[in-house]
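I have placed the structure first, in the form of structure tokens, so that the comments after it can refer back to it.
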Amino acid sequence: MTVQALRKSETADSAAAQAAPAPSAVPGLKRDLNGIVHLLTCGSVDDGKSTLIGRVLWDASDLYEDQRENVRKSGRKAAGTDKPDYSMLLDGLVAEREQGITIDIAWKYFDTESRRFVIIDSPGHEQYTRNMASGASHADVAILLVDARAGVKKQTKRHAAILDLVGVKRVVLAVNKMDLVGWSEDAFRKIEADFRTLCWKFNFWDATAIPLSAVFGDNVATRSENMAWFTGPTLIEHLEKVPSRGTAASGAFRMPVQTVLRDGLDFRGLAGTVSSGSVKVGDAVTDALSGRTANVLRIATMDGDLPSATAGQAISLQLDVDIDVSRGAVLSTPEMRPIAAQTVEARFVWLSETEFNPSTGYLLRTVTDLVPISNIEIKALLDLETMSSHPAKNCGVNDIAITKIALGRAAAIDVFADTPETGTLLLVDAVTGASVAGGIATAVDAKSEEPGEGHFVLTRAMLANGLCRDLSLSAVDREEFMRRANEAAILLRAAGVSVAIEPPPMVDDGMDPGL
């Protein structure tokens, strides 16, 4: 699992999509399913997030009448008002959290007259920041909720930093509970100014602040009469204009290989999901690690062959030359290849309750690859008060760390800012398999660092004379050679040994793979 992995390998998204009502379930609605917007809601505890989500569902969605009637008949009121407690619409989730069954993101769906929204509701407590990071990796737009009485808090800054970290480019600051500050424009403008200052630190494309009251519905779906001084859009008006992240065929072609398919005869297909860009029959594709290139003969799918494929499509590529690639490889165009990285600079949000330990065996997981790490060094931490970095050697849960990683072997990695889909990373504990940190590559280098003291190198000759002595020169056995080498390196790293694998030749030299 990377931050793309934080996307839970698309399982949460796909399971949620299956559970969603079909567009035709609500007569008269005309929705463009390609325009589905994934909306993350986040904020500190008690800022009114559940009430805001409930109010959005009440005012703007196609709730069933029995759901509305249950809220009316419950008699529950929002604190200090005679208004219904709209957070009841999320009662299942609240009860789950209170009982300690699970602390996780929750997915809710609603449809307006023009489009479909997927609400990704994340816990607000600092203890569960890791879950917010998981939800954020799916989002097209995020609603950062703050209490008008308190303004921007440390947790707000942490959430903003994580949104920037995982590539969310559009953010709405929902300044809630404006009724409790007398609908004051001055109070809102001060918070808005603090928000603008915060956003200057990050790479958001669109950052909008909206004053509202979730309990009374002001500026949620209906323009507020109490805040006539605010001439901007309501929350729903703004969200309906937000473009979805989508799966457009833009950017450089990337297809991380998940497995190699064979039919026992002549077919050998490299299977995976196109993560960005597009590919068509006849195109030249290159394996970033070996540098080998071949042309696409066939694009096979479960539903038949295709002339071309774009981002988001699961396919199997049959090539005119059998290049030696397996799970973990990334196919690209020859002109725009990811780096065969040996050294990676990255930013991570630390997810584990266990603090970073340089002697622990960590592994790096990319989209489909698991790579042994020779050395990992914490360089700095992000200070959430000043939003600047300061030198550090250690980090703990919820810290945002700037790191430098020396890999045990090359891995195909892009800089996140250039190609997000193949620039997301995850740190994994080599012993337990637990995910300890999720982040992004900020710089990659094909040059490896000089091995330090105690650094062990698994040479090709060593492997060929021992663990891999039963393997031949065939393409299948060459793949198996690298698989065994990687597994041996992972076991050594789990035992605390800094290890590297001698790289294979960049061209097909006809040599035994162990020489």
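Read-outs throughout are calculated quantities, based only on the coordinates presented, and are distinct from any laboratory measurement. These figures come from a predicted structure and were not determined experimentally. In this analysis, Cβ positions are derived from the backbone assuming ideal geometry, glycine residues included, and neighbour counts consider all displayed protein chains.
Just order 175-184, 460-469 by mean Cβ neighbour count inside 10 Å, highest at the front, would you?
Answer by packing, highest mean first, reads 175-184, 460-469.
For segment 342-450, go through all pairs of different Cα atoms, get the mean of 1/r, take its inverse, and jot down that Kirkwood value in Å.
Taking the inverse mean of 1/r over all distinct Cα pairs, segment 342-450 comes out at 13.8 Å.
Restricting attention to segment 284-365, which GluC sites (Glu not before Pro) occupy a DSSP loop and are surrounded by at most 13 other Cβ atoms within 10 Å?
Filter output for segment 284-365: 335, 353, 355.
I need the semi-axes of the equivalent ellipsoid of segment 135-174: take the C-alpha gyration tensor, multiply each eigenvalue by 5, square-root it, list largest first in whole angstrom.
Ellipsoid semi-axes (Å, largest first): 19, 11, 7.
Take every Cα-Cα pair in segment 254-332 and report what % of them are more than 16 Å apart.
Distances greater than 16 Å cover 41 percent of the Cα pairs.
Less than 10 Å Cβ to Cβ from residue 289, Lys/Arg counted +1 and Asp/Glu -1: what total charge do the surrounding residues give?
0
May I ask which residue of 302, 264, 328 lies farthest towards the positive end of the charge dipole of segment 254-332, with charges of +1 (Lys, Arg) and -1 (Asp, Glu) on Cβ and the Cα centre as origin?
Value computed over the given set: 328.
Determine the sum of side-chain charges near residue 211: Lys and Arg each +1, Asp and Glu each -1, restricted to other residues whose C-beta is under 9 angstrom from that of residue 211.
Summing Lys/Arg as +1 and Asp/Glu as -1 gives -3.
For a protection proxy built on the mean count of beta-carbon atoms within 10 angstrom, sort 376-384, 164-172 highest first, please.
Highest mean packing first, the order is 164-172, 376-384.
Once you place label points 7 Å from the Cα toward the Cβ at residue 197 and residue 69, how far apart are they in nm?
With each label point 7 Å from Cα toward Cβ, the separation is 5.3 nm.
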